[in-house]
Amino acid sequence: MTMTNTSKTRARRAVGYVRISRDREDETSTDTQEESIRAHCADRGWTLVDVVVEPGRSAFKANRNSRPGFKRAMATINTGAADTFVVWKTDRVCRSYDDLNDLARELESKGAGLTSTTENFIDTADPLLGKFLLSVLGFIGELESRQKSDRATAWHDHRRRNGTAPAGPPVLGYRRALDAHGKPLPNTLVLDPDAPLVREAAERIDSGESVNSTVKWLNDAGVRISNPGLKTALQSPTMAGLVSVELLERRAGARVVGDGATLVEGDWEPLLDRELWERVGAILRDPRRRAGTVGNQLRHPLVPIIRCECGGRMRTQGDNRTYHARRYLCVERGCLNGITQGPVDEMVTAQVLDKLDDATWRKLRANGSAHGPDPAEVERKLANMWQMVLDGTIEPDEYAEAKARWNGEIAAATREPVDLPEVDSVRGSWDGFGPAERLLVFRRTIKSLVIVQATRRGRGVDLSRITLDMID
């Protein structure tokens with residue numbers, strides 16, 4: 001019995017797809033792959049409609065639909081301009097058996113096939129042999145990919161255990177050593193000219209300066225770094241000439257040394273001594289740090305309590321060219337709600353002190369902390385209200401107002417006992433209170449503090465935008 005390979009005799013319209021994670025001058029280069037695809041199509045008399053080259057894309061880390069080049073090649077299939085998807089090797093397009101089978105089925109549903117130039121037996125246009133061999137090859141490709149991942153993991157584990165300099169871009173204050181030709185040497189770290197500035201930045205934070213002011217100082221000195229970038233860098237054990245044997249944990253977006261981690265000395269010069277590095281790390285990881293802090297000391301005691309009408313938190317910003325007076329600004333993307341801080345603080349303070357006569361103050365101190373609403377119950381109520389918005393029963397503004405009010409109540413309340421300042425008269429002692437003491441009083445007396453959007457423009461602060469609910 002003779003089997004006819006119709007894939008070689010039937011004229012086709014093909015689209016080629018070339019992908020590589022990192023281009024090299026060897027048999028896997030993008031040029032090599034493209035030449036192979038063009039020769040494959042010419043040998044069979046197929047019309048090559050297009051060749052899409054996608055360098056720098058990993059099939060293991062990025063799925064097919066997240067690759068722009070792949071989507072462009074598939075668009076050629078979807079429009080009917082091509083009926084054959086040609087690759088140099090099947091692992092150029094997929095790295096798992098399931099993904100490869102899904103692609104084959106997707107192409108089949110559009111009347112198209114998948115062909116490999118180096119695996120000549122792979123042609124899903126063949127209804128029997130090509131699909132069978134494709135499934136076998138998919139298993140092999142997935143196994144190979146996992147083996148590569150395991151080898152890479154073992155290599156990085158070996159590097160960490162032996163204190164080898166970390167791979168990847170050097171941390172702030174370091175660079176790679178250079179060879180005789182001025183090229184960076186792998187597995188090396190040396191201090192760069194910015195190292196003294198980075199060390200002073202750590203000392204500033206250790207002495208109580210804020211990350212924001214420290215970053216501004218660094219930028220003015222010519223070191224371009226963001227707030228998250230500085231916090232991530234200063235928490236890296238590389239700064240102290242150390243390597244964590246365990247993979248670093250991710251906290252608040254930064255890789256940090258976890259509790260009980262095993263640290264070994266690295267083979268490079270420390271930028272910070274270990275004691276300073278540990279103190280700075282403890283400051284940056286302190287959960288009490290938030291907008292409006294210097295070191296661990298709160299500067300603006302209403303920041304943890306105040307909320308925007310949209311339900312988002314508000315931070316402080318000011319003392320620059322944009323705002324001559326410090327303002328509260330909503331942190332939510334797209335929300336431009338803001339208000340001058342001074343009049344808000346004055347109004348809230350006046351109403352709180354007006355409520356706290358000596359008898360009321362003694363009662364508050366005796367009763368301990370207030371209890372805010374149950375967060376789970378608030379979530380349930382908000383879900384019900386949102387459904388009412390979808391049903392058209394209430395307006396979205398009503399939902400936003402309720403969300404802001406409840407979020408403010410949760411933020412203002414504490415479920416731990418409040419150790420109020422030990423004074424007989426809060427009114428007489430207020431001027432001597434620091435921000436932390438004022439925050440305790442605000443938490444105990446404010447149910448919610450919400451700033452609504454401005455409805456008009458003009459001079460002065462519209463105090464009617466301040467919605468203040470006090471605890472009874």
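State, to one decimal in nm, how far the label point of D286 lies from the label point of Q387, with both points 7 Å from Cα in the Cβ direction.
4.4
What FRET efficiency, computed as 1/(1 + (r/R0)^6) with R0 = 22 Å and r the Cβ-Cβ distance, is obtained for S29 and K183, rounded to the nearest 0.05?
For S29 and K183, the calculated efficiency is 0.55.
At 7 Å along Cα-to-Cβ for each site, give me the label-to-label distance between N78 and F433 in nm.
Placing both labels 7 Å along Cα→Cβ, they lie 6.0 nm apart.
Using a 1.4 angstrom probe on the protein heavy atoms only, could you order K110, K363, K403 from most to least accessible area?
On the way: K110 95, K363 135, K403 65 Å².
Result of the area sort, largest leading: K363, K110, K403.
Just the accessible area for T79, please: 1.4 Å probe, Å², rounded to the nearest 10?
Accessible surface of T79 is approximately 110 Å².
Could you calculate the contour length gain from T455 to D192, that is, 0.36 nm times the residue separation minus the distance between their Cα atoms, to one decimal place in nm?
Stretched out fully, the T455 to D192 stretch lengthens by 89.4 nm.
Per-residue accessible area for V51 at 1.4 Å probe radius, Å² rounded to 10?
Spelled out: V51, probe radius 1.4 Å, area about 20 Å².
Can you give the extra length, in nm with one decimal, that the chain gains between D43 and Q317 once fully stretched, where that is 0.36 nm per residue apart less the Cα-Cα distance?
91.9 nm
At a probe radius of 1.4 Å, what is the per-residue accessible area of V49, in Å² to the nearest 10?
In the full protein context, V49 sits at about 70 Å².
The values are calculated or read from the model by the stated rules, or taken from the named source; none is laboratory data. Just so you know, these numbers come straight off a predicted model, no measurement behind them. With ideal geometry, Cβ positions are generated from the backbone for all residues, glycine too; neighbour counts draw on all protein chains shown. Heads up: the accessible areas ignore ligands, DNA and RNA and are worked out on the full protein's heavy atoms, side chains in. Shrake-Rupley method; radii C 1.70, N 1.55, O 1.52, S 1.80 Å.
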